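Only one structure is covered here, and it is reproduced in the block below.
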Amino acid sequence: QVQLVESGGGLVQAGGSLSLSCVASGINFRLFSMGWYRQAPGKQRELVAGITSGGGTNYAGSVKGRFTISRDNAENTLYLRMNSLKPGDTAVYYCAATTLGMTYWGQGTQVTVSS
């Protein structure tokens, strides 16, 4: 059974920082491309940052320079370090694992940035 469990969300003031974690089980983690997505109320889910099995990264333009995605294959864990947070970053953040056209999702963690 595949499980992706996010943690680390919460309430933070604008300009602050948060770190999210996603622990994966039931998959060969090192073979998966991983990503963080977010969905704000009334908006579509969007890719925030991705990291390939080889460690290559990509970021949405709105978070480039502020967020850092990383992975620890030994711990089956995906991370997202978020700095200089803005109210526009408020959303539910989801972890996703993708391989061969199949994607698994976590349950999400709420991030709220107050102005």
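The values are calculated or read from the model by the stated rules, or taken from the named source; none is laboratory data. Please read all numbers here as calculations on a predicted model, not as lab measurements. Here Cβ is always computed from backbone atoms with ideal geometry, including for glycine, and neighbour counts include all displayed protein chains. Just the protein is used for accessible areas: all its heavy atoms, side chains included, with ligands, DNA and RNA removed. Shrake-Rupley method; radii C 1.70, N 1.55, O 1.52, S 1.80 Å.
Quick notes on this one:
- Estimated inter-spin distance, ARG81 and GLN13, nm [label 7 Å along Cα→Cβ]: 2.3 nm
- Take segment 28-73 with all the other protein chains still there, run a 1.4 Å probe, and you get 54 Å² of accessible area per residue.
- Compactness of segment 75-115 - radius of gyration and Dmax, Cα, Å: 12.9, 41
- Working from Cα pairs under 8 Å separated by at least six residues, relative contact order for the chain is 36 percent.
- Pairs of Cα atoms farther than 16 Å apart, the chain, %: 55 percent
- Share of carbon and sulfur in the accessible heavy-atom surface of the chain [1.4 Å probe, %]: 49 percent
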